[in-house]
1. Run Thr43 past the list (1) surrounded by fewer than 16 Cβ atoms within 10 Å (Cβ to Cβ); (2) in contact (Cβ under 8 Å) with a residue 24 or more places away in the chain; (3) of a type in the set (Ser, Thr, Tyr) and report the number of the one that doesn't hold.
2. Restricting to the stretch 13-41, and then to whatever is among the hydrophobic types (A, V, I, L, M, F, W, C) and within 16 Å of the chain's Cα centre (by Cα), can you tell me which residue is farthest from Glu91 (Cα to Cα)?
3. Take the stretch 81-108 and flag every residue that is surrounded by 13 or more Cβ atoms within 10 Å (Cβ to Cβ) and over 21 Å from Glu25 (Cβ atoms).
4. Pull up the stretch 90-140, narrow it to residues that are over 30 Å from Gly21 (Cβ atoms) and of a type in the set (Phe, Trp, Tyr), then point me to the one that is farthest from the chain's Cα centre (by Cα).
5. Among the residues in the stretch 53-76, are any within 30 Å of Met1 (Cα to Cα) and either without any contact (Cβ under 8 Å) to a residue 24 or more places away in the chain or among the aromatic types (Phe, Trp, Tyr) (or both)?
6. Would you point out which residue out of Glu72, Glu93 is among the acidic types (Asp, Glu), in a helix (DSSP H, G or I) and modelled with pLDDT of 95 or more?
7. Is there a residue being over 17 Å from Arg3 (Cα atoms) and either exposed (fewer than 11 other Cβ atoms within 10 Å of the Cβ) or among the β-branched types (Val, Ile, Thr) (or both) anywhere in the stretch 117-127?
Amino acid sequence: MKRFDFRLEPLLQYRTGLEKGALLEKVRAQEELSQCREVLEQTCNLLDRALDSARGEKFDPLDGLNNVLYCEFLAGCKHRQELQVAGAETELERRRQMLVEVRRDKLVLEKLKEKQFCSYRKELHNFEQKSNDELAMVTYANKFYRF
């Protein structure tokens, strides 16, 4: 009897490649989100330090003005980085959904392959059983019916 051959194996390999690509894209999106959050945290720390230094005991009015302008600049940066973080989170969620869809498609083919393999094994078992029965019948017939 011929060996098991899944006709859709190339498609399964293609879907496996798509899954790997989607997983890589998801990891890249996670790294980007992590970097955006890190930059946002650094900016927040800088803004907090700048606001704390503005509450100092005595300072020059020019230094105060510079500090206020610097705080406004950092607040603008913080806002832009919060938008970047939100965009990165959206992108990460989109990549997650894409990965789920690709895995679902691949799983369908894997289930089909498994089902066909089980059918093949059952057919192989039936073939072996039939061969064994025929061999036993021939052996039995040769033993008792010698001419």
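1. Thr43 satisfies every listed condition except (1).
2. Residues of the stretch 13-41 that are among the hydrophobic types (A, V, I, L, M, F, W, C), as a first pass: 18, 22-24, 27, 29, 33, 36, 39-40.
Retained after the next criterion (residues that are within 16 Å of the chain's Cα centre (by Cα)): 18, 22-24, 27, 29, 33.
Working: Leu18: 18, Ala22: 12, Leu23: 13, Leu24: 13, Val27: 11, Ala29: 7, Leu33: 9 Å.
Per the stated criteria, the residue is Leu18.
3. Gln81, Glu82
4. By that ranking, first place goes to Tyr140.
5. At the first step, the residues of the stretch 53-76 found to be within 30 Å of Met1 (Cα to Cα) are none.
Among the residues of the stretch 53-76, not one is within 30 Å of Met1 (Cα to Cα) and either without any contact (Cβ under 8 Å) to a residue 24 or more places away in the chain or among the aromatic types (Phe, Trp, Tyr) (or both), which makes the answer no.
6. Working: Glu72 fails: modelled with pLDDT of 95 or more.
Exactly one residue qualifies, and that residue is Glu93.
7. Step one: filter the stretch 117-127 for residues over 17 Å from Arg3 (Cα atoms), giving none.
Within the stretch 117-127 (the criterion being over 17 Å from Arg3 (Cα atoms) and either exposed (fewer than 11 other Cβ atoms within 10 Å of the Cβ) or among the β-branched types (Val, Ile, Thr) (or both)), the answer is no, since none of the residues qualifies.
The rows are residues; the columns are (1) closer than 30 Å to Gly87 by Cα; (2) among the hydrophobic types (A, V, I, L, M, F, W, C); (3) touching a Pro at 6+ places or on another chain (Cβ under 8 Å).
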site: Gly21; (1), (2), (3): yes, no, no
site: Val27; (1), (2), (3): yes, yes, no
site: Glu31; (1), (2), (3): yes, no, no
site: Asn45; (1), (2), (3): yes, no, no
site: Asp48; (1), (2), (3): yes, no, no
site: Leu62; (1), (2), (3): no, yes, no
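The values are calculated or read from the model by the stated rules, or taken from the named source; none is laboratory data. Please read all numbers here as calculations on a predicted model, not as lab measurements. Every residue, glycine as well, gets a Cβ built from its backbone with ideal geometry; the counts of neighbours run over all protein chains shown.
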